[in-house]
Amino acid sequence: MGRGERVLLGIGGFLLAVFIGGQIGTRLIAPRAQEEAKKPVVPSALAAPMLTAPKIHCPVDTIPGGNQCFPLLKDDTEGVTLIAMPGTRQIQGITTQYEQIPKGPDRPDDYELYVYPAPPGLPGGRSVGAGYDLDKPESERRKISAALIGHGGVDVPGMRGTPLKVVAIERQVGEAEVLFAGTLWGNTAILRHSRREGVQNRDYILIFAHMDGFGPRTVVGATLADGEVVGTLGDTGSTPGMTHLHLEVRRGREGIDVRELAQSPSPGPALLGETIVCDPRNVLPLRRR
């Protein structure tokens, strides 16, 4: 994949994310829900409806999508599995495919086994209202339109003003570094985490979106220790009345210095354009039992 194609895919990912944020906020707050919008949490609004699809059996190295089978592609440069899905991202009329890192087979499925930046805010002591679904067949992903579907992070609901704290990812090296603190998906902070993978360190970014405000030390260039406050939970951006954290994890591409991207005139889009969306369960720490 050439540099131009990767940048094109990255821009598409950014446009998709912004569109999803706007459309979810508009669609999910129906007239009846608007009456409840002042409440701190709207758990039901975070449970996106799923469509059902006929079950079919697909060959090895493929996955079902509706009534067809689509290939799993291996990118040797990035060392990740890419899933070729039909018609799910369109840039100026050109259909491309999702590029993402699905959950590893050794990682638990249950979202509630992981540590998040906020304490559980849903009934029953649960943390996650909506999870990652880019690795699922199209019919099982959060649907926004015929061409734009899917959710690349986890939504963690809670009370407005709840402190959101740094979570050191598994095998992290050093402290998290603030790359961006400003307006992207509402009040948004982007942190760089370095993770030991094999014989090298790889850069991951964690995106904290829709925050009510920023922590006292959440400024570009600062390093934040595990447990330090990044900001407070809110509903800024396109999610009025739905107080929650959209937590997204992305891995930097091979040979890309995410710190240099953060110095660009448009750091948010630049960071999204040169990182690969990743299932958060691959790197979030497991809860102690």
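General observations
- For Lys103, distant residues with modelled amide H under 5 Å away: Asp279
- Summing charges over neighbours of Ala209, with a neighbour being any other residue whose Cβ is under 12 Å away from its Cβ, gives -4 when K and R count +1 and D and E count -1.
- Pairwise label distance in nanometres, Asn201 with Asp226, each label 7 Å out on the Cα-Cβ vector: 1.6
- Radius 10 Å from Cβ of Arg259, net charge of other residues (Lys, Arg +1; Asp, Glu -1): -3
- Compared with the alpha-carbon gap, the fully stretched path from Asp257 to Leu286 is longer by 7.6 nm at 0.36 nm per residue.
- Segment 129-218: C-alpha gyration tensor shape, a/c 1.5 cut-off, then a/b vs b/c: oblate
- Per-residue 3J(HN,Hα) values for segment 209-224, derived from phi via the Karplus relation 6.51 cos²θ - 1.76 cosθ + 1.60 with θ = phi - 60°, read 10, 6, 5, 6, x, 9, x, x, 10, 7, 10, 4, x, 6, 10, 10 Hz in sequence order (x marks Gly and Pro).
- Annotation: amide H-H contacts under 5 Å for Asn187 (H modelled 1.01 Å from N, sequence separation of 5 or more, or interchain): His210, Met211, Thr236, Gly237.
Laboratory data are not the source of any read-out in this text; all were calculated from the coordinates shown. On a predicted model such as this, the values are computed, not experimentally measured, just so you know. For neighbour counting, all protein chains shown are included, and Cβ atoms are generated from backbone atoms with ideal geometry for every residue, glycine included.
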